[in-house]
1. Decide, for segment 114-190, between rounded, prolate and oblate: order the square roots of the alpha carbon gyration tensor eigenvalues as a ≥ b ≥ c, take rounded if a/c falls under 1.5, and otherwise choose prolate if a/b is larger than b/c, else oblate.
2. What's the extension gain from D59 to D72 if we count 0.36 nm per residue and subtract their Cα-Cα distance?
3. Among D78, D63, what's the order by accessible area (1.4 angstrom probe), most exposed first?
4. At I2 and E133, where each label point lies 7 Å from the Cα along Cα→Cβ, what is the point-to-point distance in nanometres?
5. Expressed in nm to one decimal, what extension gain is obtained for the pair K200 and R122 from 0.36 nm per residue of sequence separation less their Cα-Cα distance?
6. Does segment 84-145 come out rounded, prolate or oblate, given a ≥ b ≥ c as the square roots of the eigenvalues of its C-alpha gyration tensor, rounded meaning a/c under 1.5 and, failing that, prolate meaning a/b above b/c?
7. Pop out the Kirkwood hydrodynamic radius of the chain from its pairwise C-alpha distances, inverse of mean 1/r, in Å to one decimal.
8. Distance from a point 7 Å along Cα→Cβ of D106 to each backbone N in segment 140-174: keep the residues under 16 Å and list them by number.
Amino acid sequence: MIKEFETYKDFLKFIKSKVYRKVGFGSEGSCYWGKDGLAYKVIESFLYKKNVNEIITSDKYKDLNYFALPIDIYTNPDHSIIYGYNSNFLHDDILQHSEDFFEEVDLDKLVKCYYMLLSDIRTISNDNIFLFELINNLLFNNIKFMLIDTLDYYKEDYNTYDDNVNMILRAIELPLYVETNDQAFNDEKSIEEIAENVKKHVKKRKYY
C-alpha cells in the first residue's frame, strides 16, 4: 500500500510515533524496530526517486516466508520520491553480527534453513527477479533466513535461479570471510562446504 505525506518532516513524525528504536543503518538510511513488530526503513542520505509501480511488494508474493519485501511504501503526494517503507523484521541476527556467529550458530539448522529458503528463491526466480545487492542484506538467527533491503530488486529476461543461489552462498560466506580473513570462506560451492569450514574454524579457535 502506498501512503502519502505532504512533507518529509510529516513522514518523520509518523515514523517517530511507530517505532521503538533504531536497529541498523546503511548507505541509504536507518532501520527501526516498530511497535507493531515490523521493520521501518527511513531513507535519509538522499531523496529516493523510483517508479513506485516497479517495486516488488509483499502483496504480490504473499506466500514467501523469507523475504522482507515492502508492505507499505511512504512517498510524497505525487509518488515521485520514496521516503521509506516497512517490512517484516527478524530478531537476533547472527550472520551480520559475525563476531557472535561462530559461538552461536547451529550448523544443522543453518543447512536446513538454507534449503527451506531455496523454495522462496525458486518462486521469485521463476518470475525472473534478481536479488540485487543481497550481499550484507541476508540475516540468519538459527531459526530462519531473511532477505532485507529488497526495494531495488528487478526483473531480468531469463530465469534467475542459478544467479540468485550463487548470490545467497556469497552472502552467507562473505561476513565469515571478513570476520576471519580465512580464504576457506571464499567461493564455496555449497552450504555443506560452508558448514564444514565453519566447523573447522570453530575447532581451530578452541586451541587459541
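The values are calculated or read from the model by the stated rules, or taken from the named source; none is laboratory data. These numbers were taken from a predicted model, which means no experiment stands behind them. Backbone-built Cβ (ideal geometry, glycine too); neighbour counts: all protein chains shown. Each accessible area value is taken on the protein alone, full model and side chains, heavy atoms only, with ligands, DNA and RNA left out. Shrake-Rupley method; radii C 1.70, N 1.55, O 1.52, S 1.80 Å.
1. Verdict is prolate for segment 114-190.
2. So the extension gain works out to 3.7 nm.
3. Order by accessible area, largest first: D63, D78.
4. About 2.1 nm separates the two model spin labels.
5. Result: 25.0 nm gained on full extension.
6. Taking the square roots of the gyration eigenvalues as a ≥ b ≥ c, segment 84-145 is oblate.
7. Evaluated on the chain, it is 18.1 Å.
8. The answer is 140-146.
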